[in-house]
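All remarks here apply to the structure that follows.
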Amino acid sequence: MKKEFKVFILLEKILNALNNSRLEYIKAADKSPYPEYKRFLNKTATTRNRFYQDLMAVYRIYYSSSENLVLNKIDYKKIIANPNKNLKENPSVIIVNLDLKLVELYEEIIEKYEVSEILSDHLDKILYCIKINKDKIKDKELVFHH
């Protein structure tokens, strides 16, 4: 498989994971009774949306050439239409797991391909969110309304 296509597949996975993460952060914020943490969750959802937009720009820069027929047949609706349906899990567990998946994907693309420096910045911010969420979980501060 061509290197270009492998990067394309990874970017698509990251875009899907970012969208799922954004949606789960919004759901977690809706269920959180703590105003300060609710703001953090909403801000993180907004950040995930910005990451998504950043990556779509990178995606378009690298893969919008007319000679690349496979990559020009992208189904953008498919990328954003895959929500996480695990309703019984604690929202804090869901968002941490989604962020860990994002870290895995970001590390893979950063290690194997030179795509954009934006990815390293995104990775740092995702790792920071994981730390905050894990600290909150460990301190047993997270109680959500079901």
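To two decimal places, what compactness ratio does segment 1-49 give when its Cα radius of gyration is scaled by 2.2 N^0.38 Å?
1.53
Considering only Cα-Cα distances, which of the following residue pairs are longer than 29 Å: Lys2/Lys43; Lys31/Lys112; Lys38/Lys101; Lys6/Lys38; Lys27/Lys134; Lys6/Lys27?
Lys2/Lys43; Lys31/Lys112; Lys6/Lys38; Lys6/Lys27
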Once phi is turned into ³J(HN,Hα) by the Karplus curve 6.51 cos²θ - 1.76 cosθ + 1.60 with θ = phi - 60°, what whole-Hz value does each residue of segment 42-56 show in order, with x for glycine and proline? 5, 5, 5, 4, 5, 5, 4, 5, 5, 4, 4, 5, 4, 5, 5
Karplus (6.51, -1.76, 1.60) ³J(HN,Hα), θ = phi - 60°, over segment 3-20, in Hz, Gly and Pro reported as x: 4, 4, 6, 4, 5, 4, 4, 5, 4, 5, 4, 5, 4, 5, 5, 5, 5, 4
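No value in this document is a laboratory result; all are computed from the given coordinates. Since we're looking at a predicted model, the values are computed, not measured.
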